[in-house]
Every structure is written in structure tokens, then in C-alpha cells.
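Below is one structure, written out as C-alpha cells, with a few remarks after it.
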Amino acid sequence: MLLRLRILTAKAMSKPTQNSVYKVSANKKRPSASGLEFIGPLVCSVEETPDPISTVIKGEIPSWITGSFLRNGPGRFEFGESKFNHWFDGMALMHRFHIKDGQATYSSCFLRSDSYVQNAEKNRIVVSEFGTLATPDPCKNIFARFFSRFQIPKATDNAGVSFVKYKGDFYVSTEINFMRRIDPVSLETKEKVDWSEYIAINAATAHPHYDRDGATYNLGNSYGRNGFFYHILRVPPGNGKNDVADLSGAEILCSIPASDPRKPSYYHSFVMSENYIVFIEQPIKLDPLKFMLYRVAGKSFHKVMSWNPELETIFHVADRHTGQLIKTKYYSSAMFTLHQINAYEDNGYLIMDMCCGDDGTVIGDFTMENLQASGEELDKFFNSLCTNLPRRYVLPLDIMEDEPNDHNLINLPYTTATAVKTVTGVFLSHEDLYNDDLLQYGGLEFPQINYTYYNARPYRYFYACGFGHVFGDSLLKMDLEGKKLKVWRHAGLFPSEPVFVPAPDAKDEDDGVVMSVVITPREKKSSFLLVLDAKTFTELGRAEVPVDIPYGTHGLFNEMS
């Protein structure tokens, strides 16, 4: 996802500009675009394909790949005459490419969420989503319709962001309190799971982390008379042989009070290393009062968020094993992040790599109107978006009380990131993890690594989508030794988030393949699963599918099915 550019400066009181260690580098801008290709077909409703169909193999898919590439994302954007206003609002459509012996089949199913079922039964939108407010029942009289504005809206369970795993079971998830357990073979919708039945939270992210023992970690929140809290969660390992959804044993490891309980921060993911979890409290704020006022005024909810560049970004660090918060306040100038790349520890430092931008207003901008624009309007929308780029922040973990202020605490030879002790904490300045050649591909997002073997460990490579368009239009491999790029890019083709699958006899970090679903607005029923050699970043093969697939969000590879 791309973010609108804004050059930010440090606050004079806490970050004196006369000292060079307080440097704040501006986010660089990609070249302006003109004559962008129309992408309306990428966000159109499609039919599901519940029974697996054969694909046409071009090239060669390695015979050692056995499993299913699962993906999630919006796939239906209207019911009857009522249409969703925002891309996030589309009904969740689950996809499965099953690969065995060099062949592949494809299937897809709409998530039978309560929202989907109720909308389908009424043939109109009856459950409000992020950017779409459900209209009152036209059969009600005028007084009933008026007073319905004052009712608390029915919570959606449209889990259309990603596939996640808890205790070995598969779920689809988004940024709400509800998940759905899923059969990863048939894509059948199973039980609805409410996090609050297990622990006292109101929501959890769609981007958990997994440790090597099989436990799952996530980030949630709660709001009550004592204020707003962010919670670090842990779900213990399981064997994946449950007949019903099971989150028993889930616990809150750590609770972090919001710096402003009246306006908590939006978050999409979090950072985890071998021994620490970091929650990034960024200056994109939610306004609960505005939420209620918008409901009365009949407006959708995506405008309850505001970008506040005058505020700091705060990094809250907790011990992953004890849940104890580190007392040191780590902070930086305002920045916005959706997805982290990786994090690891080295000689008393915590290294955090993530995709960042300098404007957090982007989430509300991905309306259907903007995505279905053409000509100058599409160019204008794209050029208003910020270039999202990879950064490295380094946190010194062991800080002596007598450490003097105003000098760099980092002495690692391989980074230019700085951390400066101040009277209020430790101010962080990042290192750019790219060379200028990345700008011609529009920056990057949807980062992925060799997660199985290198998550929370020192690593060299990551993979991502390049954003020379509103949606990703290239696949990138970044080599952090020299910040060198390898690129797969073809005009008119829009690849999804790349997913790395390690080879069974892998000796190097990049021994394996990268998978991505590629779609095009130029021709109907011409989608395909792309398989790249991760080391050379050249195409090995593709599995062509005779159906339309809309642009999606996240996925994973399931080696078991």
C-alpha cells in the first residue's frame, strides 16, 4: 500500500536540529505517473469456483512443491442495487491453488460470514463495513428509519484480509473481534470465533507472529472505564486436530495504555524478535466520539481516522517471555507503517525493518470511486499517494543511567540508523534500506521473507510488490547486502503479495520459490499463479486459470494439504 508524501521535521524541544545525530530524512518520492492503465476490472465482483478446476501449466512447476497456496481478499462489491464504497468492504473471497507433481488446481469460495448471508438474503447491504454504512430498511416507516441512526451498528464479521493459524487450525481474519475457522482443503466456512469469549479484547490484527514452538502471538485492544489499552496476546501451540475452534489458553501477556485514551492509534501489525515484541503507536488516530456522530449523520466509518504529523511515533517494547515492558521510551518523528519486514537482536540492539511512509491518510483513500477512475483522475489519485519505502530502526536495549544525552548510542558497523538519549527517552532516526533505483518501481509494500527459517533472525533477503501503480505492478527481491534489487515486471500484469516457499534441501536463505497470483485488466479469464526461482528471480512456470480473480490482500502456503 502506498502513502501520501509529507516531509516532516523534528520537534525542536525534544530533537534539537543543531546536533547531526538527530537527523530526520524525508521520504523520497517516485516519479510522477501519466497515462496509467485503467484498473477497474481488478475490483469487480466475480463468481466463486467451489469445485477445483484444472489449470494450464506453462513452463515447469518444481515437483517438490506439494501443498496449497491460500489467499484472501474482497470479491463481491454489491448486493442488488446497493454497492460498497470502499475496497476493504468487499465480501471476502478465499482462493486455493493446490499443487502436486508439477500440476495445479484452482478453487475459490466466498466466506459465508453472517454479513454475507444477511446481505444475500435481503439482496442489499444490511451490515455496515469500514467505508459503507448500511441503509435503513426501506420497508420501515420514516420514524423507524430515523431512530435506526441512533442504534449501535451491527458488527461485521467479513474477515477478508488474510489466512492465519492458531493451534494448527486455519482461520480467516481481519481487524475485528471475529474470525472464522476454515477447512483449508474445501474452503468450507466453519465456526464464527469471538475473541472476547476467550480474553478481554475488542479486536485483534490479521497479522499474528509464530514462534518455533508453535505458539501464536497477536496484538489486540480494549476500551473501558479505565481507558484504552493495547494488549499483546499469546495462544499456546496445538496439534491442528480440533473438531471445533479452540483458542483455550489464550492469555494477555502485556497491556499498554494509550498515550491519549480519547484518541487511540490505528495499528495493522506489530514487531516480534526472539525475545521482544514491539507495538508501534503511530500518529494515525481513531476518534470514538466522531464514530458515534458519523453514525447519527449517516456517514461511513473510514473517516473517523486522522493523521497527526505533529505527534511522535512511540515504540513500546515488551519482553516476549515475561510480558514486562521496558521502561525506556523509544520514539521517532511521525511515520506510518502497515507491514513489518523482520526484526532480530544483535549485541544488545533490536533491529527492526519495516515499510514506512510519511502520511497515514491513505487508508481512507482506497475508495471504489478512486480505484475505478480513469485518465487524468486516476493519475491524480496515484500521484497524491506517498511512496512507501523500507526503513531500519535500531533500538539499544541496555542503556546506562549515566549515559550522556545527545550522542548516538549505536555502534553497529552495518547500519547508519541512530538512537540518541534525550531527557524524555531515546529518539530514533532510521536508515533507508534501498538505493534510488527502487523509486522507479514506485517503492514497495507487502514484504515477505523466508519466515520459516529466518523470522526473528539475521537475514539478507526480502520480497515485495513494487507499486508503480495504485496496485502492485511488479515483484521485487531486495538483497540487503548492497541494497540490490532483482525485478519481475511486465506491462499490464498486476502481481499479488509474493510468498516464499523454501526448498526441502535448502542450503541458502533464498533456496526456494516465490509464488504470486497475477491478474490483468486487459483480458478476462487470464489470471495465473506465477512461480519464480527465488535465487535468480526468473520465471520457472505458471498455472493459468480460466476464471477472473480480483486483486486480493494476503495469503500463505500450506504444506500439509
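Couple of notes before you dig in:
- Reported count of residues in segment 546-561, each being closer than 15 Å to SER496 by Cα, among the hydrophobic types (A, V, I, L, M, F, W, C) and over 17 Å from the mean Cα position of the chain (by Cα), is 1.
- Scanning segment 65-72 finds no residues that are among the hydroxyl-bearing types (Ser, Thr, Tyr), farther than 30 Å from PRO504 by Cα and open to solvent by less than 10 Å² (accessible area, probe 1.4 Å).
- Count - residues of segment 529-551 that are part of a loop (DSSP other than H, G, I, E, B), open to solvent by 60 Å² or more (accessible area, probe 1.4 Å) and under 18 Å from ASP510 (Cα atoms): 2
- Near pairs, Cβ below 7 angstrom, 6+ apart or cross-chain, from segment 172-187 (part of a strand (DSSP E or B)) to any residue that is open to solvent by 20 Å² or more (accessible area, probe 1.4 Å) and among the basic types (Lys, Arg): VAL172/ARG180; PHE178/LYS192; ARG180/LYS190; ARG180/LYS192; ARG181/LYS190; ILE182/LYS190
- If the condition is being among the polar types (S, T, N, Q), farther than 12 Å from LEU247 by Cβ and assigned to a strand (DSSP E or B), then segment 188-219 contributes only THR189.
- Which numbered condition TYR331 misses (of (1) in a strand (DSSP E or B); (2) among the aromatic types (Phe, Trp, Tyr); (3) under 24 Å from MET478 (Cβ atoms)): (3)
- Segments classed as strands (runs of 3 or more DSSP E), wholly inside segment 471-523, with at least 2 members that are farther than 11 Å from PHE537 by Cβ: 499-502, 512-519
Every residue, every condition in (1) within 26 Å of PRO504 (Cα to Cα); (2) in contact with a Cys (Cβ under 9 Å, 6 or more places away or on another chain); (3) hydroxyl-bearing (Ser, Thr, Tyr); (4) in contact (Cβ under 8 Å) with a residue 60 or more places away in the chain, yes or no:
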{"position": "THR49", "(1), (2), (3), (4)": "no, yes, yes, yes"}
{"position": "LYS58", "(1), (2), (3), (4)": "yes, no, no, yes"}
{"position": "PRO62", "(1), (2), (3), (4)": "yes, no, no, yes"}
{"position": "PHE79", "(1), (2), (3), (4)": "no, no, no, no"}
{"position": "ASN85", "(1), (2), (3), (4)": "no, no, no, yes"}
{"position": "SER113", "(1), (2), (3), (4)": "no, no, yes, yes"}
{"position": "GLN118", "(1), (2), (3), (4)": "no, no, no, no"}
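- Of the residues making up segment 306-344, those that are open to solvent by 10 Å² or more (accessible area, probe 1.4 Å), within 15 Å of GLY425 (Cα to Cα), of a type outside the set (A, V, I, L, M) and touching a strand residue (DSSP E or B) at 6+ places or on another chain (Cβ under 9 Å) are GLU312, HIS316, THR328, LYS329, SER333.
- Among the residues of segment 376-424, those that are within 30 Å of PRO458 (Cα to Cα), of a type in the set (D, E, K, R) and open to solvent by less than 60 Å² (accessible area, probe 1.4 Å) comprise ARG391, ARG392, GLU403, LYS421.
- Among the residues making up segment 187-214, a single one is in contact with a Pro (Cβ under 8 Å, 6 or more places away or on another chain) and either within 21 Å of PRO50 (Cβ to Cβ) or crowded, with 23+ Cβ neighbours inside 10 Å (or both): LEU187.
- Matching residues, segment 389-409, being part of a loop (DSSP other than H, G, I, E, B) and touching a residue at least 12 places away in the same chain (Cβ under 8 Å): LEU397, ASP398, ILE399, GLU403, PRO404, ASN405, ASP406, HIS407, LEU409
- Verdict on GLY468 being touching a helix residue (DSSP H, G or I) at 6+ places or on another chain (Cβ under 7 Å), part of a loop (DSSP other than H, G, I, E, B), open to solvent by 10 Å² or more (accessible area, probe 1.4 Å) and at pLDDT 95 or above: yes
- For segment 226-246, the tally of residues that are at pLDDT 90 or above, open to solvent by less than 30 Å² (accessible area, probe 1.4 Å) and assigned to a strand (DSSP E or B) stands at 6.
- LYS263 falls short on exactly one of the conditions (1) charged (D, E, K, R); (2) open to solvent by 40 Å² or more (accessible area, probe 1.4 Å); (3) in contact with a Ser or Thr (Cβ under 6 Å, 6 or more places away or on another chain), and that condition is (3).
The values are calculated or read from the model by the stated rules, or taken from the named source; none is laboratory data. None of the values given here were measured: they were computed from a predicted structure. When we count neighbours, we look across all protein chains shown, and the Cβ atoms used for this are built from the backbone with ideal geometry, even at glycine. Calculation scope for accessible area: heavy atoms of the full protein, side chains included, ligands and nucleic acids excluded. Shrake-Rupley method; radii C 1.70, N 1.55, O 1.52, S 1.80 Å.
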